[in-house]
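In what follows, a structure is listed as structure tokens, so that the remarks can point back to it.
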Amino acid sequence: MGSTFFYTILCFIALTIVAASAEEFKVGDAVGWRQPSQNETDLYNHWASNKKFHIGDSLRFEYRNDSVIKVAKWEFYHCNRTHLASAGKDGTRTMNLNRAGTFYFVSGDPEHCKNGQRLAVEVLPLHPISESPPQPFSQAPAPSPLSFSASVSSAVPLAFISALLISVIVVAIAGLA
């Protein structure tokens with residue numbers, strides 16, 4: 001009984017670390033979710049083009065007198081919604097990106113959609129352990145054995161890997177018991 005509790009706690013810690021890496025994106029940033037003007041019909045494509053979305057992330061739509069609907073690809077390109085997959089008219093709507101692949105969103109007003117108020121996002125697999133690029137090898141002098149320097153950014157991936165490894169071991173041991 002006690003060991004089951006211990007294994008449950010270890011799995012919870014591992015899942016918490018994974019969930020902590022998820023991001024919430026405010027669609028359109030300061031502009032929010034609104035009908036673009038004639039000069040900015042590519043507003044939301046441009047907004048999404050410089051972002052990386054991963055499984056576990058979410059999109060927060062903020063709007064006034066409008067709505068957002070998750071639609072299929074055909075409905076997105078034709079601004080014709082035959083199925084209301086997810087709709088909301090309360091001014092704020094958060095959509096979870098729970099799988100890899102493309103998600104499509106349009107305004108609930110077909111005219112707004114035709115004027116560019118639509119968004120397609122490509123969702124990548126889970127967040128990578130480290131987003132920092134590899135550093136080139138340098139001939140820097142070795143630190144003094146008496147000095148100590150720690151980096152939080154390098155500790156986070158180590159904690160993530162450790163928690164994941166512990167979870168796998170716990171599941172394997174629990175399966176044998």
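Just so it is clear, none of the values below were taken in a lab; they were calculated from the coordinates. Everything numeric in this text was worked out from a predicted model, so none of it was measured. As a convention, Cβ positions derive from the backbone with ideal geometry for all residues, glycine included, and neighbour counts pool all protein chains shown.
Name the residues of the range 27-65 whose amide N is less than 20 Å from a point 7 angstrom out from the Cα of residue 94 along the C-beta direction?
Correct set: 27-34, 52-64.
Taking amide hydrogens as modeled 1.01 Å from N in the peptide plane, which residues meet the under 5 Å criterion relative to residue 54, leaving out close sequence neighbours?
It is 124, by chain and number.
So how much slack lies between residue 26 and residue 114, counting 0.36 nm per residue of separation and subtracting their Cα-Cα distance, in nm?
In short, 29.5 nm is gained.
Please give the peptides 23-30, 91-98, 103-110 ranked by average Cβ packing (other Cβ atoms within 10 Å per residue), highest first, as a rough proxy for protection.
For the peptides 23-30, 91-98, 103-110, the packing ranking is 103-110, 91-98, 23-30.
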